[in-house]
Amino acid sequence: MITKRKGSVMEADIHGMNPAQARREILGLLDRLPEGVTELHIIHGYRGGDALRVMVQTSLAHPKIARKMQSFLNEGETKIFLKGKK
């Protein structure tokens, strides 16, 4: 998984992974997110099948996830909005 940070947004590219691998990697990333990250953009692609997209959008769950939304401009990306500090 390739990750990049742009301010409060972290991007993770899971191309080439199977859903089980991608789930493990994303959950591990969520567990160790740097301070100040409020969004996680998952780049899963869409032309090579939809197994990764379906996993991210329907079955991926973590206590830090507030909501998920498919990107309007990129079908191959899902935006995960994180819960704020209380």
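Brief remarks on what is shown
- With all protein chains in place and a 1.4 Å probe, the accessible surface of the chain carries 52 percent carbon and sulfur.
- Charged neighbours of residue 64, selected by a Cβ distance under 9 Å, balance to 0 (K, R count +1; D, E count -1).
- Taking every protein chain into account, the accessible area of the chain amounts to 62 square angstrom per residue (probe 1.4 Å).
- Residue-wise HN-Hα couplings along segment 30-38, as the Karplus relation 6.51 cos²θ - 1.76 cosθ + 1.60 with θ = phi - 60° gives them from phi, are 4, 5, 10, 4, x, 4, x, 7, 10 Hz; Gly and Pro carry x.
- Sequentially through segment 56-64, phi angles give Karplus couplings (6.51, -1.76, 1.60; θ = phi - 60°) of 5, 7, 10, 10, 6, 9, 7, x, 7 Hz, Gly and Pro residues having no value and appearing as x.
- Cleavage-rule hits (GluC sites (Glu not before Pro)) in the chain: DSSP loop, at most 10 neighbouring Cβ within 10 angstrom: 35
- Here's the list of aspartates and glutamates a cross-link from residue 6 could span, going by alpha-carbon distance under 15 Å and ignoring same-chain residues fewer than 8 apart: 35, 39.
- Percent of beta bridges antiparallel (DSSP, the chain, rounded to nearest 5): 75
- In the chain, a dipole from Cβ-located charges (positive for Lys and Arg, negative for Asp and Glu) runs towards its positive end, and of 66, 9, 28 it is 66 whose Cα lies farthest in that direction.
- Measuring only protein heavy atoms, the 1.4 Å probe finds residue 59 accessible over about 60 Å².
- Charge dipole (debye, nearest 20) of the chain; +1 at Cβ of Lys and Arg, -1 at Cβ of Asp and Glu: 340
The values are calculated or read from the model by the stated rules, or taken from the named source; none is laboratory data. Computed from a prediction, not measured in an experiment: that's the story for all the values here. Neighbour counts are summed over all protein chains in view; Cβ atoms, including those assigned to glycine, are modelled from backbone coordinates with ideal geometry. Ligands, DNA and RNA are stripped out before the accessible areas are found, and what is left, the full protein with its side chains, is counted by its heavy atoms. Shrake-Rupley method; radii C 1.70, N 1.55, O 1.52, S 1.80 Å.
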